[in-house]
Amino acid sequence: MSKPRKTLWQRWRGAWRRWSLWTLLVALVVAMLVTVVWLAGRYEASQVQSRLERDTADAVSDVRVALTRNLQSLQALHADDPGVLAWEVNASELLRGHRELVRLEWRDTGMRLRSQVQTPYRPVYWDRGTRESAHSDASLACANARRLSGPAYSSSYFQPHGDGLGSEMMELCLPITSGGRNTGFLVATYALNAMLEDLVGHGLTRSQEASFTEADGTRLAVLGAARRGSRMFTATHLLDLPGATLVLRMDTWHSAPSLFPNVLTALVTAMSIALVTVMVVLVRDNRRRLRAERDLGDALAFRKAMEDSLVTGLRARDLEGRITYVNPAFCDMVGFTPQELLGLSASAPYWPPERVEEYQQRQAIRFAGYMPPREGFESEFMRKDGTRFPVLIIEAPLINAQGLHTGWMSAFLDMSEQRRIEELSRASQERLQATARLATVGEMASLLSHELNQPLAAISSYATGSLNLLETPAGAGDLPPPPESLQDVRMAMQQIGRQAERAGKVIKSVHDFVRRRDQAREAVTAQQLLDAIMPLVSLQARKIGVRVHTLVEPDLPAALCDRTMVEQVLLNLARNAMQAMDVPGISKRVLEIRARRAASNAHQAWIEFAVADLGAGIEPEVAERLFTPFFTTRAEGMGLGLSLCRTVIEQHGGFLGFAANEPRGTVFTFTLPVHQPPASSSTAS
Ligand code: ADP
């Protein structure tokens with residue numbers, strides 16, 4: 001119950017982490033983009049601002065230059081002491097050329113008006129009284145000019161035009177000197193509006209507005225009308241004139257914030273869009289990867305369920321022989337947990353201690369790169385409780401996704417049950433054979449008794465009859481039997497002889513039946529004999545953990561023998577040898593069956609078979625009676641095996657003997673004649 005809940009919690013945590021990471025990433029990217037766009041906008045604004053400031057400074061210097069020029073033109077009016085008329089003509093001329101000047105006055109040293117000229121463009125109403133007053137702006141300017149001994153400006157003032165409107169004016173007072181003496185003043189009146197129009201206006205763009213203001217920001221004159229809005233830029237520049245200070249202010253309106261205000265912002269926006277696109281692609285890709293991950297997880301779970309349901313044990317080893325994987329079936333089989341098995345390499349705990357060396361050799365061969373047999377091989381493993389059990393091992397190389405050989409995968413089948421069934425069937429087969437043999441013997445015995453019964457009964461009755469005939473009839477005394485009786489006795493004797501002959505024939509026929517086996521001799525190779533007994537031998541060998549080695553000399557000729565009988569001899573010897581090793585103290589159990597050429601004479605060549613074991617050997621007192629019929633040391637033994645074996649071998653003209661084996665145990669040897677092909681076959685060619 002706790003497992004799925006835990007995985008659910010883990011899954012939720014994983015999802016939360018993934019989502020928070022993505023959210024953080026998106027937030028960071030958005031913040032970065034906003035900052036970049038804002039910075040780009042600010043940069044653009046600063047560009048506009050500095051351009052405006054440059055324009056303002058240029059405009060101020062334009063105004064200053066123009067004022068200086070005007071000053072020179074005004075001074076030129078009095079260059080060579082003109083008369084009033086000439087002055088007025090020249091002054092009118094000057095006013096026509098300079099719209100910013102609205103009026104020129106020639107005053108004497110007492111500030112009395114000598115002459116005056118008005119601009120032809122827009123005459124302004126003048127109140128003589130106020131102008132002549134000592135506190136008028138003109139008077140103040142002239143006082144200033146006198147003090148400075150040079151031109152001086154008055155501060156600006158509002159001049160009504162008489163029609164309800166008015167404009168800002170400013171006076172310039174220029175002292176007139178002649179011969180180093182002050183002879184009067186020239187007062188010029190500037191209209192600030194006209195000043196803006198004529199001196200600044202030419203450099204203005206449509207979106208700009210220029211104005212003269214006072215130091216506190218009060219507007220005195222305005223030129224142009226910038227649109228109002230949020231994107232307003234303002235620059236001010238000081239125009240300080242002798243006696244007066246004006247501020248030139250310029251406002252500009254920058255085009256409304258559009259989607260692509262300029263190349264830089266456009267570039268940044270494009271990059272942002274690209275970034276967002278990449279992020280969307282990334283999110284999609286991530287989602288696809290998550291889906292793939294989920295599919296993979298499902299596939300893994302499916303595979304795991306499959307492995308867990310297997311009854312075949314699975315084990316993987318890497319190229320160094322370390323166990324990297326075992327499935328539950330394998331753990332059940334050997335009784336160890338995966339933790340006890342994983343990572344082990346040199347020797348596994350499920351190897352029987354006495355076979356560790358052999359298994360290590362086998363493993364070394366495997367890791368040297370030799371492919372195991374596809375059909376698998378049999379081996380023996382040990383459970384944790386020490387019990388042994390046979391296994392069928394099928395091994396295959398592990399190839400990874402890159403096609404590299406990374407180790408070995410082995411599948412194990414527990415063969416215990418199969419062995420038990422095989423053993424049962426072998427035992428029942430043997431019992432069946434024994435019963436069959438007994439039945440044959442019994443049959444033969446009853447046949448013999450039946451066949452012999454008749455002649456024996458006949459012999460017995462003839463003998464009784466003869467005796468009766470030979471006996472003297474009562475009262476006959478010692479007289480010999482009559483000749484007719486003798487005749488009968490002779491006939492009876494003949495019958496007895498005939499019946500005895502018949503009994504002899506019956507016995508001979510049985511003997512012949514047994515002797516007929518002589519004709520059953522055939523040419524058989526040693527390998528054929530071994531192949532025939534191997535299935536039965538290995539069955540028993542497996543049961544008691546004996547390894548069987550067979551060794552047949554190459555090019556060994558065939559033997560001439562009764563195949564069935566010799567097989568029986570081999571089987572008997574092999575069985576005795578295995579039983580000799582089936583004792584608790586003996587751990588190394590090897591049965592060796594060899595066949596080779598034996599010493600031969602001119603007439604006959606011989607083949608020698610040897611059956612060697614590593615058992616306890618044969619005690620001298622046992623050795624003495626070994627071939628005696630019915631001698632056995634085993635509770636279930638018959639003691640007929642060896643005596644019959646010797647008979648069979650001797651019937652073939654061979655010899656059966658035994659000797660001590662090296663280093664331990666016994667070796668039984670017997671010889672069989674080599675089959676010699678008929679000589680005619682060699683001369684025929
Ligand atoms: P059985 O096998 O029925 O006992 P055998 O004639 O085959 O009869 O064997 C007689 C006895 O000889 C056995 O009981 C055993 O003691 C002894 N014997 C036979 N072969 C061996 C052997 N290879 N090693 C030790 N003892 C043996």
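The values are calculated or read from the model by the stated rules, or taken from the named source; none is laboratory data. Computed from a predicted model, the values in this text were never measured in an experiment. Here Cβ is always computed from backbone atoms with ideal geometry, including for glycine, and neighbour counts include all displayed protein chains. Side chains are part of the model used for accessible areas, which takes the heavy atoms of the whole protein and leaves out ligands, DNA and RNA. Shrake-Rupley method; radii C 1.70, N 1.55, O 1.52, S 1.80 Å.
Measuring r between the beta carbons of Glu378 and Ser643 and using R0 = 41 Å, the FRET efficiency lands at 0.70.
Principal-axis analysis of the Cα atoms of the chain puts helix 563-581 at an angle of about 70° to the longest axis. Here the chain exposes an accessible surface that is 59 percent carbon and sulfur, computed with a 1.4 Å probe and the other protein chains kept in place.
When all protein chains stay in place and ligands, DNA and RNA are ignored, the 1.4 Å accessible-area order of Val311, Val611, largest first, is Val311, Val611. The label-point distance for Ser425 and Ala532, in a model that sets each label 7 Å from Cα toward Cβ, rounds to 2.2 nm.
Note the angle between two axes, namely the Cα long axis of helix 2-77 and the longest principal axis of the Cα atoms of the chain, as a number of degrees from 0 to 90, rounded to the nearest 10. Between helix and principal axis, roughly 20 degrees.
Shown for the chain: cysteine residues without a partner Cβ closer than 4.7 Å, namely Cys331, Cys561, Cys645. Residue-wise HN-Hα couplings along the range 457-470, as the Karplus relation 6.51 cos²θ - 1.76 cosθ + 1.60 with θ = phi - 60° gives them from phi, are 4, 5, 4, 4, 6, 4, 4, 4, x, 4, 4, 4, 5, 6 Hz; Gly and Pro carry x. Cross-link reach is defined here as a Cα-Cα straight distance under 13 Å, omitting same-chain residues fewer than 8 places apart; for Lys505 the aspartates and glutamates meeting it are Glu451.
In µm²/s, what is D for the range 529-640 at 4 °C and 1.567 mPa s, where D = kT/(6 pi eta Rh) by Stokes-Einstein and Rh is the Kirkwood radius from Cα pairs?
Values: Rh = 15.6 Å.
In µm²/s, the coefficient rounds to 83.
A protection proxy built from the mean count of other Cβ atoms within 10 Å ranks the segments 23-32, 145-154, most packed first, as 145-154, 23-32.
In whole percents, the pair-distance distribution calculated for the chain from its alpha-carbon pairs, binned every 10 Å from zero, is 2, 9, 10, 9, 7, 6, 5, 5, 4, 4, 4, 5, 5, 4, 4, 4, 4, 2, 1, 1, 1, 1, 0, 0. Average accessible surface for the chain: 60 Å² per residue, computed with a 1.4 Å probe over protein heavy atoms with every protein chain in place. For the pair Arg596 and Lys505, a Förster radius of 41 Å applied to the C-beta separation gives a FRET efficiency near 0.35, rounded to the nearest 0.05.
Across the range 493-508, coupling constants 3J(HN,Hα) worked out from phi with the 6.51/-1.76/1.60 Karplus curve, θ = phi - 60°, read 4, 4, 5, 4, x, 5, 5, 5, 4, 5, 4, x, 5, 4, 4, 5 Hz, and Gly and Pro carry x.
Just to make sure I understand: if all protein chains stay in place, what is the order of Glu358, Glu209 by accessible area at 1.4 Å, largest first?
Numbers: Glu358 55, Glu209 10 Å².
Of Glu358, Glu209, the descending order of accessible area is Glu358, Glu209.
How much length, in nm to one decimal, is gained on full extension between Thr387 and Thr633, taken as 0.36 nm per residue of separation minus their Cα-Cα distance? Using 0.36 nm per residue and subtracting the Cα-Cα distance, I get 85.7 nm.
If you restrict to DSSP beta bridges whose two residues both lie in the chain, what percentage is antiparallel, to the nearest 5? Numbers along the way, then the final one.
Details: 94 of 100 bridges.
Antiparallel bridges: around 95 percent, rounded to the nearest 5.
Size descriptors for the range 380-435: radius of gyration and Dmax over Cα atoms are 18.5, 63 Å.
Take every Cα pair under 8 Å whose residues are at least 6 apart in sequence, average their separation, divide by the length of the range 121-185, and the relative contact order is 27 percent.
Modelled label positions at Arg112 and Gln487, each set 7 Å beyond Cα in the direction of Cβ, lie 23.5 nm from each other.
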